[in-house]
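Some notes on the structure that comes next.
The values are calculated or read from the model by the stated rules, or taken from the named source; none is laboratory data. Because the structure is predicted, anything quoted here is derived from the model rather than measured. Reconstructed Cβ throughout: ideal geometry from the backbone, glycine too, with neighbour counts over all protein chains shown.
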Amino acid sequence: MINIPGRIEIANLPTKIEKLERLSSKLVGQNIFLKRDDQTGTEMSGNKVRKLEFSVKEALDQGCDLLITCGGIQSNHARATAAVAAKLGISSYLVLRTDGEEEIDGNYFLDKVLGAKIRFITPEEYREKRMEIMESIKEELSKEGYNPYIIPEGASNGIGTFGYFKAMEEIVQQEKEMGIKFDAIVMAVGSGGTYSGLFLANKIMGYGAKIYGVNVSNDEEYFKNQIEKVINESLFYIDKTFRFSKEEINIIDGYVGRGYALSRSEEIEFIHEVAKLEGVILDPVYTGKAMYGLVNEIKEGNFKKHNNILFIHTGGLYGLFPKKDLFSF
Ligand SMILES: *Cc1c(COP(=O)(O)O)cnc(C)c1O
């Protein structure tokens, strides 16, 4: 056993694992199972809630009464943070990236409903100095008497990633109960915390799972570095020295498409098809691209060694609403 940091319990866990019968037989020929991390909650849904259980515990332990975080205008993470703050009776301040006038829709709409304070910054500011901007907001708010805590993008840092360390243990437990061993675990990679947590638990606990991330922005090299960085941060919390090579991090590159949060028509059609086949809604930014990538890789014969594949549905439903015009019915 290994002692990991403490958490608050806000997510609905464990999440179900279900087989996608028709997608598997119609499109693919291999067994695709879905881990329903989109059902960790309603307001607090998706993969970010698992990470926030750990980040917010650390924040509360430090006496924090306000959470500052950042993300794109339709950030699932920002919305989940706003909901967690409201639930705990503390405040939230979201720094959101946008390059123009935004319609109040999807996650951004929910951020407002949940009472978050919001500041917009440009894509350039976001890229170059989001951390400095959050630090300066923290300073301003401290002067007003708050005790703010900064959660970085996606809660993908040393502490947040334990959410998926724990999720890996959950998956192994479910494998035992189901009498199945997943040959591959696949998910979208956006800021790398989900992948990092699964990878770390898998290595340290010696589970021997094959884990693949489909990047939805940047490229393979970027995410290998990012994931290595997050893992090294989390090792600090468990006081372990642990060696791994970046070569062990499996990133399936090639499905970014038009860029982060931009959709191609084939991705939208795929989301529509899966919805009609399985009653499962994927999101346009992460899970739609990642599962499109997985199905494509399977069709190309790149997953032949893997019979039972577990895809983690990391959430993102609300991000679909602002994209409704891309659908044709
Ligand atoms: C943030 C997010 C991801 C990516 O997870 P990371 O841990 O940031 O790599 C995947 N899917 C959804 C729906 C997300 O909101």
Matching option when the condition is in contact (Cβ under 8 Å) with a residue 40 or more places away in the chain, within 25 Å of K324 (Cα to Cα) and of a type outside the set (S, T, N, Q), among L114, L94: L114
Number of the condition not met by D283 [criteria: (1) within 14 Å of the ligand (Cβ to nearest atom); (2) not in a loop (DSSP other than H, G, I, E, B)]: (2)
Qualifying residue in segment 108-120 (condition: buried (at least 18 other Cβ atoms within 10 Å of the Cβ), in the same structural domain as Q74 (by TED's automatic domain parsing) and over 15 Å from L67 (Cβ atoms)): yes
Count of segment 286-322 residues which are at pLDDT 95 or above, away from the ligand (no atom under 13 Å from the Cβ) and hydrophobic (A, V, I, L, M, F, W, C): 6
Residue count, segment 263-280 (criterion: within 16 Å of the ligand (Cβ to nearest atom) and either closer than 18 Å to G72 by Cα or free of Cβ contacts under 8 Å to residues at least 12 places away in the same chain (or both)): 2
Residue satisfying all of: in segment 174-230; among the charged types (D, E, K, R), over 14 Å from I312 (Cα atoms) and in contact (Cβ under 8 Å) with a residue 40 or more places away in the chain; farthest from the ligand (Cβ to nearest atom) among these: K181
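Yes or no, residue by residue, for (1) loosely packed, with under 14 Cβ neighbours inside 10 Å; (2) of a type in the set (F, W, Y):
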position	(1), (2)
L235	no, no
K240	yes, no
Y255	no, yes
A261	no, no
K289	no, no
I298	no, no
G315	no, no
D325	yes, no
Every residue from segment 117-167 that is free of Cβ contacts under 8 Å to residues at least 60 places away in the same chain and in a strand (DSSP E or B): K117, I118, R119, F120, I121
Failed criterion for S196 (all others in (1) buried (at least 18 other Cβ atoms within 10 Å of the Cβ); (2) modelled with pLDDT under 95 hold): (2)
